[in-house]
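The values are calculated or read from the model by the stated rules, or taken from the named source; none is laboratory data. Note that the coordinates shown come from a computational prediction; the quantities given were computed from them, not determined experimentally. Heads up, the Cβs are rebuilt from the backbone with ideal geometry, glycines too, and the neighbour counts pull from every protein chain shown. Remember, those area values only see protein heavy atoms, side chains included, never the ligands or the DNA or RNA. Shrake-Rupley method; radii C 1.70, N 1.55, O 1.52, S 1.80 Å.
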Amino acid sequence: SQQGEEDPQALSIQEGENATMNCSYKTSINNLQWYRQNSGRGLVHLILIRSNEREKHSGRLRVTLDTSKKSSSLLITASRAADTASYFCATDAAQGGSEKLVFGKGTKLTVNP
Amino acid sequence: EPEVTQTPSHQVTQMGQEVILRCVPISNHLYFYWYRQILGQKVEFLVSFYNNEISEKSEIFDDQFSVERPDGSNFTLKIRSTKLEDSAMYFCASSRGSLFGETQYFGPGTRLLVL
C-alpha cells in the first residue's frame with residue numbers, strides 16, 4: 001500500500017494550545033495535501049506541499065515535508081474550538097502518472113473551550 | 001469562490017435498486033473524480049475521468065459502477081444494483097489539471113444508505 005498513517009489517531013487539547021499531527025507515507029510522491037473534515041461532512045482542502053518544498057504556511061497552519069523520512073506534519077497554532085475536526089493527509093504517486101489521492105486514516109482533533 | 005456541488009445530500013435506497021449520484025464540478029476544471037468513505041474508514045479512490053473517458057479506476061469500481069458527463073456541467077456516478085456494502089459517503093472532486101501541483105477540490109458528499 002502506498003500510504004501510511006496519521007498519528008496520533010486522536011488528539012485532545014485546550015483552546016489556545018498548538019496541535020501537531022503527523023503523516024507518514026511509503027512511496028515517492030509529487031505532492032502531499034492536507035484536508036479537514038468536520039463530522040459527517042465534506043473534505044475541505046487546507047494546504048498542498050510539493051515534493052521539492054520543505055515547509056509551507058497558511059494562516060495558523062504550518063506544514064512540513066521530509067521526503068527522506070517520507071513524513072509530513074501539520075501544525076495548527078493558537079487552536080480554536082472551531083478547529084475541532086478530523087484531519088487527513090493525502091498523497092499522489094510519483095510513478096505511473098496516477099491521479100488518485102491516497103488518504104490516511106486521519107487524526108481526530110478535539111479543541112476544548 | 002467556486003465550489004463543487006453534489007446532489008442529493010442524502011439518499012436511501014433498497015438493495016438491488018439503481019442510484020445516480022450527481023456532481024457539478026468547478027467550471028474550468030478538466031479532471032473529475034469519485035471517492036467514497038465508508039463510516040469510520042479511510043477515504044478511498046473510485047475513479048478519475050478526463051476528456052470524456054475514464055483515466056483510472058480502482059478495484060472497487062467494478063461493473064456495477066459507471067460514470068458519465070452527460071453535458072458540459074454535470075458528472076454522475078451510477079450504481080446499477082446497490083448492495084448493502086455500498087452504503088457510504090460518496091465524494092466528487094475536480095481539479096484543473098493532473099496532480100503535478102494541482103489541488104483536488106471536494107464536494108460536500110452524498111450519504112448513501114442501502115437497506
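Overview of values
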| quantity | calculated |
| --- | --- |
| Chain A - percent of accessible surface contributed by carbon and sulfur, probe 1.4 Å | 44 |
| Cα-derived Rg to Rh of chain A, Kirkwood definition | 0.96 |
| Spin-label model distance (nm) - B:S73 vs B:L115, 7 Å beyond Cα toward Cβ | 3.3 |
| Packing-based ranking, highest mean first, of B:89-96, B:72-79, B:28-35 given that Cβ atoms within 10 Å are counted | B:89-96, B:28-35, B:72-79 |
| Listed residue pairs exceeding 29 Å between alpha carbons, taken from A:K69/B:K78; A:K100/B:K78; A:K26/B:K78; A:K26/B:K57; A:K56/A:K108; A:K56/B:K57 | A:K69/B:K78; A:K26/B:K78; A:K56/B:K57 |
| Exposure ranking of A:D7, B:D63, A:D66 by accessible area [1.4 Å probe, largest first] | B:D63, A:D7, A:D66 |
| Spin-label model distance (nm) - B:K83 vs B:S9, 7 Å beyond Cα toward Cβ | 3.0 |
| A:R50 paired with A:S28, simple spin-label distance in nm, labels 7 Å along Cα-to-beta-carbon | 1.7 |
| Other protein chain Cβ atoms within 10 Å, averaged over every residue that makes up A:30-37 | 3 |
| Gain in span if fully extended, A:S12 to A:A78, counting 0.36 nm per residue against the direct Cα distance | 22.4 nm |
| Rg and Dmax [Cα atoms of the range B:5-104; Å; Rg one decimal, Dmax integer] | 13.2, 41 |
| Given charges at Cβ of Lys, Arg, Asp, Glu: the protein assembly as shown dipole, positive-most of A:Q9, A:L61, A:P113 | A:P113 |
| Under DSSP loop assignment and at most 11 Cβ neighbours within 10 Å, longest GluC sites (Glu not before Pro)-free interval of chain B | B:60-115 |
| Dimensionless Rg over Rh [the protein assembly as shown; C-alpha; Kirkwood] | 0.97 |
| Average projected area [Cα convex hull, the range B:45-97], square nanometres | 4.1 |
| Peptide-level mean, for B:39-52, of C-beta atoms on other protein chains within 10 Å | 3 |
| Residue-normalised accessible area of the range A:3-95, given per residue in Å² at a 1.4 Å probe | 46 |
